[in-house]
1. Kindly check whether there is at least one residue in segment 175-189 that is outside any helix (DSSP H, G or I) and at pLDDT 95 or above.
2. So, in segment 84-95, how many residues would count as being open to solvent by 10 Å² or more (accessible area, probe 1.4 Å) and either under 16 Å from residue 65 (Cβ atoms) or part of a loop (DSSP other than H, G, I, E, B) (or both)?
3. State all residues of segment 109-138 that are surrounded by fewer than 19 Cβ atoms within 10 Å (Cβ to Cβ) and closer than 22 Å to residue 85 by Cβ; if no residue qualifies, say none.
4. Checking residue 29 against (1) exposed (fewer than 15 other Cβ atoms within 10 Å of the Cβ); (2) more than 19 Å from residue 114 (Cα to Cα); (3) in contact (Cβ under 8 Å) with a residue 12 or more places away in the chain, which test does it fail?
5. Give segment 162-184 a look and list any residue that's open to solvent by less than 90 Å² (accessible area, probe 1.4 Å) and free of Cβ contacts under 8 Å to residues at least 60 places away in the same chain, or say none.
6. Take segment 52-83 and flag every residue that is open to solvent by 60 Å² or more (accessible area, probe 1.4 Å) and among the basic types (Lys, Arg).
7. Starting from residues that are in contact with a Lys or Arg (Cβ under 9 Å, 6 or more places away or on another chain) and among the hydrophobic types (A, V, I, L, M, F, W, C), keep the ones in segment 1-46 and report whichever is modelled with the lowest pLDDT.
8. Scan segment 96-110 for residues that are in a loop (DSSP other than H, G, I, E, B) and either touching a Leu at 6+ places or on another chain (Cβ under 6 Å) or modelled with pLDDT under 85 (or both) and jot them down.
Amino acid sequence: TARGPTPGTMWTLAYGLGFEEADSTGYLLVDENLKVLEGEGQPNPANRFHLHVYASRTDVNAIVHTHPKHCSALSMLGQSLHVAHMDTSVLYDDVAHLAHWPGIPFGDEEGEIITSAIGEKSAILLAHHGQLCVGSTVEAACVLGVTIERAAEMHLQAQAAGEMRSLDHKLGLEAREWRRNPKVVSMTFDYFARRALAVNPL
């Protein structure tokens, strides 16, 4: 989703469309009651909790929320995500963990729980659910959304092989800030976009 042009609104994909089908024609502008203001289709009622995140985080303009395989598998183990590799350091020390599933997020209670759990972090692993990443731009949120799935895959593989070791905290923070540089984020997003368009040309 993305923050809408006026307070209390957001852009969201029409319910029933698969991720690989998403394009600009499938998006709806909705208000705080999920009433459609622009576009055709029905919004996913489970995306209501995004509105709570936008309301509490003025720095957030886009949210990437998915249920990818490795994040979903890790979310079933009751473990927080261990970010301990250079390539995923954009998320270092910046991933929250909601340890208990509050149920399908249709109502305000779930939105409040998830919003409280993510706090000021840029991402969260949701128990028995998936992942949510936030960003000041669509590009920034997308880069985190792709990276968190890779980080979860690496976590599971490393854990299966032995005991995971942590990054040096100071170096981890330095690596995170370097990877958060807007130019680095833009180049990374452009690469992801080229790769996606090679599979599904517009």
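1. Quick first cut of segment 175-189, residues outside any helix (DSSP H, G or I) only: 180-181.
Okay, now just the ones that are also at pLDDT 95 or above, so 180-181.
So far as segment 175-189 goes, yes, one or more of its residues are outside any helix (DSSP H, G or I) and at pLDDT 95 or above.
2. Result for segment 84-95: 6.
3. The answer is 121, and nothing else.
4. (1)
5. 162, 168, 181, 184 - these are the residues of segment 162-184 that are open to solvent by less than 90 Å² (accessible area, probe 1.4 Å) and free of Cβ contacts under 8 Å to residues at least 60 places away in the same chain.
6. Answer for segment 52-83, where residues must be open to solvent by 60 Å² or more (accessible area, probe 1.4 Å) and among the basic types (Lys, Arg): just 69.
7. Applying the filter and picking the extreme gives 34.
8. Applying the first criterion (in a loop (DSSP other than H, G, I, E, B)) to segment 96-110 yields 99-107.
The answer is 103, 104, 105, 106, 107.
The values are calculated or read from the model by the stated rules, or taken from the named source; none is laboratory data. Everything quoted here is computed from the prediction, not taken from an experiment. Every residue, glycine among them, receives a Cβ derived from its backbone with ideal geometry; neighbour counts consider all protein chains shown. Accessible surface is based on the protein model in full, side chains and every heavy atom, while ligands, DNA and RNA are left aside. Shrake-Rupley method; radii C 1.70, N 1.55, O 1.52, S 1.80 Å.
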